[in-house]
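*Asks:* For reference, the structure I am asking about is given below.
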Amino acid sequence: MIALAMAAPASARELATLTRLDADTVELKRADAAPAGVWISADTVLDKDDRRFVAASTDRSLTLPVPATDRRYVILEGRSGKTRIGVAERVLPLEQGSNFRDVAGYVARDGHTVKWDEAFRSGAMPLLTDADYALLGQLGIGNVVDLRSIEEREVAPDLTDDSTGAMFIANDYSLKPLMSKMGQGSGENLYAGLEKLLAPQFRSLIRRPQFEMPKVDLKDYPNNPTLKYYAASDKGTPRKPEPLYTPSGASHFAQFFEYLDQSYGGSEGYLRTLGFTDPDFSKLRQVMLDKLAASPRNRPNGDHAPFVSCGRCDR
């Protein structure tokens with residue numbers, strides 16, 4: 001997914017976005033007011049089973065009836081019927097899940113958009129409800145790539161693969177070396193070296209909220225530095241989001257991407273050190289970038305969407 005961080009210029013805009021308002025409705029926002037038919041669909045392919053909400057709308061904002069229990073897509077169809085834009089909720093409305101979102105909809109440099117339902121990311125998810133698993137079951141998840149350390153997975157295991165039948169992929173590494181930096185230095189460049197710890201997951205893959213950590217006893221995990229870190233900040237009051245910025249005001253992840261630029265010449269250069277080649281990048285762009293995506297049930301060769309779980313990701 002780092003390869004997709006070769007982002008679009010600042011002028012590139014998403015043509016449409018879908019944001020949840022409540023349990024029963026979402027808001028569609030459009031970049032322009034050209035007349036378009038608005039359809040609600042179970043996938044990104046317009047067919048006879050879909051429901052037309054309005055024949056020709058020029059509104060830049062519309063409220064649509066889409067329940068939180070169903071993964072639905074809104075398709076905008078131009079007057080000619082040839083121009084179509086599909087969009088879904090980027091952040092899934094889970095009851096007890098942290099920042100589970102589709103990485104789709106972003107505009108690449110060449111004007112294409114990242115396909116819907118090809119890859120997702122989330123925070124740790126040990127406390128999902130039955131309703132959450134039912135919603136995730138609609139996504140066709142084929143692989144769960146857990147980027148977290150042994151210590152994090154020990155305390156808050158990911159059970160998504162058990163409920164969906166997906167393949168679970170993880171690398172057993174300790175977070176102790178990285179966490180040892182937190183008490184040293186100026187607090188800058190905390191993520192330097194993280195790319196080496198996560199290299200196996202990247203090869204295989206081609207806000208820390210309340211639902212990411214279950215109630216556990218520190219005595220049961222005497223050698224777990226991650227749990228000690230959580231316990232030190234848990235005073236029996238609701239946990240406040242930790243700042244994602246260094247003492248100097250720089251974003252940890254922006255700083256990490258600058259580190260990748262300096263050390264590897266950018267994200268593509270880093271991936272090449274893992275063995276990625278030009279054909280790999282070409283295939284990745286072919287699979288992930290398009291105007292409209294194939295629906296889960298129409299993917300060629302029975303392919304399923306990968307899923308990335310990372311408790312520390314803020315983008």
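*Asks:* Can you tell me which residues in region 65-92 are more than 16 Å from Trp116 (Cα to Cα) and open to solvent by 10 Å² or more (accessible area, probe 1.4 Å)?
*Replies:* Pro65, Pro67, Ala68, Thr69, Glu77, Gly78, Arg79, Ser80, Gly81, Lys82, Thr83
*Asks:* Also: For region 149-183, which residues satisfy the criterion of being polar (S, T, N, Q) and within 19 Å of Glu195 (Cβ to Cβ)?
*Replies:* Ser149, Asn171, Ser174, Ser180
*Asks:* Pick from Phe253, Phe211: which is at pLDDT below 85, open to solvent by less than 80 Å² (accessible area, probe 1.4 Å) and in contact with a Cys (Cβ under 9 Å, 6 or more places away or on another chain)?
*Replies:* Phe253
*Asks:* What is the residue count in region 47-64 for residues that are open to solvent by 30 Å² or more (accessible area, probe 1.4 Å) and either of a type in the set (A, V, I, L, M, F, W, C) or at pLDDT 90 or above (or both)?
*Replies:* Residues meeting the conditions: 11.
*Asks:* While we're here: Scan Leu127, Leu94 and give me the residue that is modelled with pLDDT of 90 or more and either more than 15 Å from the chain's Cα centre (by Cα) or assigned to a helix (DSSP H, G or I) (or both).
*Replies:* Among Leu127, Leu94, only Leu127 is modelled with pLDDT of 90 or more and either more than 15 Å from the chain's Cα centre (by Cα) or assigned to a helix (DSSP H, G or I) (or both).
*Asks:* Applying the selection to region 151-175, what residues are among the charged types (D, E, K, R) and in a helix (DSSP H, G or I)?
*Replies:* Glu151, Glu152, Arg153, Glu154, Asp161, Asp162
*Asks:* Among the residues of region 100-134, which ones are in contact with a strand residue (DSSP E or B) (Cβ under 6 Å, 6 or more places away or on another chain) and open to solvent by 50 Å² or more (accessible area, probe 1.4 Å)?
*Replies:* Once the filter is applied, which keeps residues that are in contact with a strand residue (DSSP E or B) (Cβ under 6 Å, 6 or more places away or on another chain) and open to solvent by 50 Å² or more (accessible area, probe 1.4 Å), region 100-134 yields Tyr106, His112.
*Asks:* Please state which of the following conditions Asp280 fails to meet, knowing it meets all the rest: (1) at pLDDT 75 or above; (2) under 19 Å from the mean Cα position of the chain (by Cα); (3) among the acidic types (Asp, Glu).
*Replies:* It fails just one condition, (2).
*Asks:* Among the residues of region 61-75, which ones are in contact with a Ser or Thr (Cβ under 8 Å, 6 or more places away or on another chain) and not basic (Lys, Arg)?
*Replies:* Result: Thr63, Leu64, Pro65, Val66, Tyr73, Val74, Ile75.
*Asks:* Quick one: Ala231 ticks every box in (1) open to solvent by less than 40 Å² (accessible area, probe 1.4 Å); (2) modelled with pLDDT of 65 or more except a single one, so which number is it?
*Replies:* Failed condition: (1).
The values are calculated or read from the model by the stated rules, or taken from the named source; none is laboratory data. Only a predicted model underlies this, so the values are computations on that prediction, with no experimental measurement involved. Every residue, glycine among them, receives a Cβ derived from its backbone with ideal geometry; neighbour counts consider all protein chains shown. Accessible surface areas use protein heavy atoms only, side chains included; no ligands, DNA or RNA. Shrake-Rupley method; radii C 1.70, N 1.55, O 1.52, S 1.80 Å.
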